[in-house]
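Derivation of every value follows stated rules applied to the coordinates shown; laboratory data play no part. It should be emphasised that the depicted structure is a prediction, and the values quoted were computed from it without experimental measurement. In this analysis, Cβ positions are derived from the backbone assuming ideal geometry, glycine residues included, and neighbour counts consider all displayed protein chains.
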Amino acid sequence: MNAHDSASDLLPDLFRRWFAARGWSPREHQLALLAKANARRSALLIAPTGAGKTLAGFLPTLVELSERANAPKSKVKSTGRGVVREGGLHTLYISPLKALAVDIARNLERPIAEMDLPIRVETRTGDTPVSRRQRQRRDPPDILLTTPEQLALLISSADGPYLFGSLKRIVLDELHALVTSKRGDLLSLGLARLFRLAPDVIATGLSATVAEPESLSRFLVPQIIPPPSASGASGGEEAKADIVIASGGAPPIVEMLDTKEHLPWAGHSARHALNEIYDLIKRNKTSLVFVNTRSQAEMIFQDLWRINEDSLAIALHHGSLDVAQRRKVEDAMAAGKLRGVVCTSSLDLGIDWGDIDLVINVGAPKGASRMMQRIGRANHRLDEPSRAVMIPANRFEVLECRAAIDAIAENAQDTPPLRTGALDVLAQHIMGCACGEPFLSDDLYNEVRRAAPYAELTRSDFDDTVDFVATGGYALKSYERFARIKQDKDGKWRVANPRVRQSYRLNVGTIVEEQMLKVKLVRSRRGGSGSTGAIGRGGRMLGEIEEYFIEGLSVGDTFVFGGEVVRYEALAEDQVYVSRANDVDAKVPSYAGGKFPLSTYLADRVRHLLADKSAWRNLPEQVRDWLSLQTRISRVPGPREMVVETFPRGGRHFLVCYPFEGRLAHQTLGMLLTRRLERGRARPLGFVANEYALAVWAVGDLSAMVRQGRIDLAALFDPDMLGDDLEAWLAESALMKRTFRVCAIISGLIPRRFVGEEKSRRQMLFSTDLVYDVLRKHQPDHVLLRAARADAATGLLDLKRLGDMLTRISGHIVHRALDRVSPLAVPVMLEIGREAVYGEAADELLAEAAAELVKEAMG
Amino acid sequence: MTVVGVALTADVSGALYWSEERLLVVSDLHLEKGSSFATRGILLPPFDTAATLARLAAVVAQYDPRTVIALGDSFHDRDAHERLAETDRDAIAALQAGRDWIWIAGNHDPLPPKSLRGSVAEEIAIGAISFRHEPTGAEGEIAGHLHPKARVVTRARAIDRRCFASDDVRAVMPSFGAYTGGLSIRDRAFAKIFRSPDFTAHVLGDASLHIIAASRCY
């Protein structure tokens, strides 16, 4: 109690009265952060949603500024540089969402107005008018709320030192979300610059619960750089911020729906549980229905309305909807007018949606921490438990839901470890620095290593990146005269011309959107052949859709978009024309589980759950029966082992294995396995992967080949497949090319927007795929290819996870030759024909398409 | 592939060979496209010219033609030929040795590459076939300019490749350059030239060519 009382002394009377007037008392962690700020210590606050995190973050600022207001005034206001002055920017707040920055600004207005504090709060986002942005640089507010991209822009302006010289505090909101992406890398580099411009600044991070708070806390403080000559003597203790953990409120109540219906073997629609979901919405005041993909959201929303006899106000929210439509839903939500919102991760982050009393999670939870954050969206009051119901869409998802519920009960976390900073982001930052003030390589190298993700950056990687920014970093030194940054006679790098600076400004940021197409609703043109000629231009704008999705469609295919079934009519430039279809069932896009793979942690729990028969009693009866049958017919995998089944079916021979490592790693595995089977003359035809299993099919009798020793399973799954086989595949992998494109854009090799053009140009004048092909052939160790490889380790190809898995199962492969498909294999077998099939060479596919045509023509 | 009855070999590299005339045609090499972008601050890898010439050398070695026609846009801009690296300049000279070489003018390179050998023409007619850069739709015409590509939706996935477009009366050649993308043959530009959607794509696979109706492509 004493500690609490003394902390409470830190709160000035004005604030104490304000809390009292509201009937609140300051929470312990709010006072703890105040104490840290007084001691000039950076701190990481770990707190669940609803714990008053934002106020905790800003309280020290409000107190300090209210005290500054009482001190004698001698505020020098000047637009000149190098003028020492009081006042100026005090606190910089950074959030991942500009909407969140705006929301927080609104929330801050209240205490400031009610206590009549002389504090100016402003936001700065992409939407802020140019005139205000310019004014903010000359005459900054006390508190500026902004995003990582805007911070990068401010740092790259000549006003940076003036603007940030006065900075006392940095508040980083939703830090757990920011640090998992390249935006986090960019932010860390921005922080490293702020540590230099304002040496006394302290940072406060606000975060949901994470697996490794210690590691996250490094993000907030400058890392210690060991002196280059001090051999053996390490730089002392690791640089970390203090950690404040808010007492976690009531534990959430999470249940799994025990459906009365038949539980599907495969698929992600959860259609079987539709009536049960509807009942849940009906019985609660406001429910959030989370799903994993946009297409799932579309489908569930549409299905719910089909059975919505009570006309409950149910809305749809996902990132591809038109902005105006999303704002409408958000406003209705805040006003308490909605009973249910079907949404994707577009609603994962912290904007306050008012009173939500139930979270319904449809489909796989994917990760324990992810699930907990979603559940936290229900009920923003700490002392009442959040309530959630999980709806597994198939039998494997039952296991995943069970594992997630157990993990949540233990409060186990599975957030990813802190990233290693990406070189493409570093390239962007280096360009930004050169746009600000000229720099020496030595100085900047030391500065960027103070950022936690770049603490281990080698000098040669840094120098290569500088070289890349200057002249492209090519072995063929032919671009010296086109250098974008140049060294002056003192060795300082500076921007070669103003156009380079302009281009940097236009292209700052690390969010590279998928190539999107605008979806427009037009009148159907029956019997249309898909030519772009005859469709009338115009039509109502429905939103945007990923280009790669449309690429897989044929004219006349139907899919759900914007809550209606539409028919694909035509594609012209960057617009997709669709018409309203009367079909009830659409050929719904089924890009399976969405972007996030099943977390390694949860996968491990699922394997243990499977292996532990005594735990099966917590599973629904249908699932228990399924697993028992598997035990009789084949084998349920043990916790470390990987079961491989081979069996014939429909004139083909199948190999099904169960690594449980997520769809991305399985896809990569499938690519590499088919290459090996090809070499082993098993004549593989294709494969399909889901989150849990991989099925490969071949002409050759796989069971016989294993029996005769012509296929050695240990050799087939040997980790050495990540050598030459991988290299050969990467040369042509579409996923690798997508990864490269992102790196090329972020690094500034390829601008998204061109100077002198208002709009981004969709029709790039060259294809990044072709650039990849040429670069890979001529300079395979180029810094951008290294950056793309680093991304592939954890991104779309999930190579690291695949490597870990291959090592794990080495010596633990159990083979079963069966005469027919096993119960465990049914789900992945059902994906065949629904999911894209990989692994087949382009020539065979093209020849087949051509042959089909001939057959058609011959009748 | 036949054009107005003349038998031509569409090569999987994107080149066209007329064996009767020992004539090899390549279109839209766009040499020095990389450095062209570099002059504007976009530092594309500077290996494109060497890569394109290496592929050209392979196909020239394969057919050993008497005459080579570069069907326009051989250079990405007017000054491109002056930026050629010495090694690339030598590579071109080696390809030209012992054979006729005709640079057809294109919209990117309307003027002859003064620093290089070879004759220059706006267009050229041999027998019933006329060669020019921009297609007009005339009978017997072989042109480039449009960079045709086709997207074929197969059983497994959509495959996007360069292609020849032809209706037996005229043909549009794919671009040969390392950095040249493509325009879908379903674009209305093609409908104008072929006057009907009824033409064929000769799609460049990895090792072989595939003949697919344009109406089946995207």
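Some observations on this one:
- In this structure the amide hydrogen of A:S599, modeled in the peptide plane, comes within under 5 Å of the amide hydrogens of A:G367, none closer than 5 places in sequence on its chain.
- The P(r) of the stretch B:116-218 has a tail past 19 Å containing 43 percent of all C-alpha pairs.
- Spin-label model, A:D604/A:D9: points 7 Å from Cα along the beta carbon direction are separated by 4.6 nm.
- With neighbours defined as other Cβ atoms within 10 Å of a residue's Cβ, the residues A:V522, A:V576 order from fewest to most as A:V522, A:V576.
- Close amide H contacts of A:L145 (hydrogens built in the peptide plane, cut-off under 5 Å, sequence separation of 5 or more or a different chain): A:Y93, A:E122, A:T123, A:R124.
- For the protein assembly as shown: rounded, prolate or oblate by the Cα gyration tensor [a/c cutoff 1.5]: oblate
- In the stretch A:384-497, the alpha-carbon atoms span a convex hull of 224 Å³ per residue.
- Angle in degrees between helix A:621-633 and the longest Cα principal axis of chain A, rounded to the nearest 10: 50 degrees
- Over chain A, DSSP H runs of length four or greater, each weighted -39,500 (n - 2.57), average out per residue to a 222 nm ellipticity of -12000 deg cm²/dmol.
- Over all other residues within a Cβ to Cβ distance under 9 Å of A:P365, the charged ones net out to +1, with Lys and Arg as +1 and Asp and Glu as -1.
- Rounded tilt (10° steps) of A:768-778 against the dominant C-alpha axis of chain A: 90 degrees
- Cα→Cβ-extended label distance, 7 Å offset, between A:R649 and A:A611, nm: 2.6 nm
- Three-way shape label, the stretch A:267-400, alpha-carbon gyration tensor, a/c 1.5: rounded
- This ranking places A:L97, B:L31 by how few other beta-carbon atoms lie within 10 Å of each, fewest first, which gives A:L97, B:L31.
- Local net charge near B:A58, Cβ-Cβ under 15 Å (Lys/Arg +1, Asp/Glu -1): -1
- In terms of distances greater than 21 angstrom between alpha carbons, the cross-link table entries A:K182/A:K328; A:K36/A:K98; A:K477/B:K33; B:K149/B:K192; A:K182/A:K800; A:K337/A:K518 yield A:K182/A:K328; A:K36/A:K98; A:K337/A:K518.
- Shape call, the stretch B:170-218: gyration tensor on alpha carbons, a/c limit 1.5: oblate
- Projected-area mean, chain B, by convex hull of Cα positions, square nanometres: 11.6 nm²
- Footprinting exposure proxy ranking of A:L100, A:L187, A:L55, fewest other C-beta atoms within 10 angstrom first, gives A:L55, A:L100, A:L187.
- Seen against the Cα atoms of chain A and their longest principal axis, helix A:98-114 is set at about 40 degrees.
- Spin-label pair B:N107-A:H262: with each label point 7 Å from Cα along the Cα-Cβ axis, the two points sit 5.9 nm from one another.
- Sites A:R283 and A:R327 - FRET efficiency at Förster radius 30 Å, r taken between beta-carbons, to 0.05: 0.55
- For the stretch A:641-778, alpha-carbon Rg relative to the globular expectation (2.2 N^0.38 Å, N residues): 1.37
- Net +/- balance of residues flanking A:L824 in space, Cβ distance below 13 Å, scoring K and R +1, D and E -1: +4
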